[in-house]
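Student: I have a structure I would like to understand better, so I am pasting it below and will then ask my questions one at a time.
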Amino acid sequence: MPEGHPERPDRLRAVERALEAEAFAALIRLEAPQATLEQVALCHPPAHIRKLLDAAPEEGLVALDPDTVMSPGTVEAALRGVGGAILAVDEVMTGRARNAFSAMRPPGHHAEREKAMGFCFFNQAAIAARHAQQAHGARRVAIVDWDVHHGNGTQDIFWNDASVLYASIHEMPLYPGTGAPSERGTQDTIVNVALGAGDGSDAFREAFDLAVLPRVDAFRPDLIVISAGFDAHWRDPLADINLREADFAWATSKLMEIADRRCGGRIVSVLEGGYDLQALTLSTAAHVGALMGS
Ligand SMILES: [Zn+2]
């Protein structure tokens, strides 16, 4: 991304800073491989993938839209983002790990079937869900998205799909403009919960408790995928929700309770947004700490 863009390499350094702490020494750390084009094609048509790969510059930058810019490293980063999510699914579905966090950028939840947008190229959370179904026999997968922006891409991919529940809690009105509670999908498996600018921990926890958790539980998922954006933190410059890192730990624990009851604890969490570096460090530590059961 160009100089000054919020979706920048320092974001991953902020995540690494969190996970360097002694409390995370017990984590199993794996390098994210590049996904194959067949794996990306689980959620994106091959012609669209080819167009994106062809658009990547050999030097300099190419803007797909004012927010979404490709550099010579973008394709490898995006493919490793998908590969990390897939590897996380493999580890969790085979029982080698109880849960996993894929600390990769760029994010993915704005990427629609045939459109890269909003800093996103390939929708790794969606591909993770599909991979769990196709490679590991998961029947139902629930994707819970607490990034402060609505995941229009994930909604687009699963709009007609009864086998994937997509539940998002996000600020409205805000980019990308979708995510009204009336948007429920043709199979009633899309759940949109809108918060307003200025809302904080209480409003978030009440809405998550009342409108998100019961739907995830009733869906009886074989795997829960989290689109873990941390841009609803009060420090984040891109939105106006005022969560603290403890709220992400709380939400993680609530989903772990459902996962323990429904699917042997299986959770795959994928990093989405989060643009204040200090908030990203603190929130990652809270989220991954909760996943480790501490
Ligand atoms: Zn976001």
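Student: Dipole size in debye (nearest 20) for the chain around its Cα centre, Lys and Arg Cβ +1, Asp and Glu Cβ -1?
Tutor: Dipole magnitude for the chain comes out near 940 debye.
Student: Now, a different point. Over the chain, what is the relative contact order in whole percent, taking alpha-carbon pairs under 8 Å and six or more residues apart?
Tutor: With pairs under 8 Å counted, the relative contact order is 19 percent.
Student: I need the calculated FRET efficiency for the pair residue 207 and residue 29, taking r as the beta carbon distance and R₀ as 51 Å, to the nearest 0.05.
Tutor: 0.90
Student: Let me ask something else about it. For the range 10-291, what is the percent of antiparallel DSSP beta bridges, rounded to the nearest 5?
Tutor: Once the DSSP bridges in the range 10-291 are tallied, antiparallel ones form about 15 percent.
Student: What distance in nm separates the two pseudo spin-label positions at residue 218 and residue 278, each 7 Å out from Cα along the beta-carbon direction?
Tutor: Simple spin-label model gives 4.2 nm for this pair.
Student: Which percent of the Cα-Cα distances in the range 1-85 go past 16 Å?
Tutor: 64 percent
Student: Rounded to the nearest 500 deg cm²/dmol, what is the calculated helix-only ellipticity per residue at 222 nm for the chain, with -39500 (n - 2.57) per DSSP H run of length n ≥ 4?
Tutor: After summing the helix terms and dividing by residue count, I get -11500 deg cm²/dmol.
Student: For residue 139 and residue 47 in one chain, what is 0.36 nm times their gap in residues minus the Cα-Cα distance, to one decimal in nm?
Tutor: 30.3 nm
Student: When the dipole is taken about the Cα centre of the range 240-294, and only Lys, Arg (+1) and Asp, Glu (-1) are charged at their Cβ, what size is it in debye, to the nearest 20?
Tutor: 320 debye
Student: So, one more: Using a simple spin-label model with points 7 Å from Cα along the Cα→Cβ vector, what separation in nm is obtained for residue 10 and residue 63?
Tutor: 2.2 nm
Student: Using the Karplus curve 6.51 cos²θ - 1.76 cosθ + 1.60 with θ = phi - 60°, what ³J(HN,Hα) values do you get for each residue of the range 51-68, in whole Hz, with x for Gly and Pro?
Tutor: Per-residue couplings from phi come out as 4, 5, 4, 5, 6, 5, x, 7, 8, x, 10, 10, 8, 7, 8, x, 8, 10 Hz.
Student: About the Cα centre of the range 130-219, how large is the charge dipole given +1 on each Lys and Arg Cβ and -1 on each Asp and Glu Cβ? Please answer in debye to the nearest 20.
Tutor: Dipole of the range 130-219, to the nearest 20 debye: 400 debye.
Student: Run the numbers for residue 113 and residue 160: contour at 0.36 nm per residue of separation, minus the present Cα-Cα distance, in nm.
Tutor: Difference between extended and current length: 15.6 nm.
Student: Still on this structure: Amide H to amide H, which residues 5 or more places from residue 97 or on other chains are under 5 Å from it, using H placed in the peptide plane?
Tutor: 92
Here, each number is a calculation from the coordinates, and none is a lab measurement. Keep in mind that this is a model prediction, so the values were computed, not measured. All Cβ positions, even for glycine, are placed from backbone atoms using ideal geometry, and neighbour counts span all protein chains on display.
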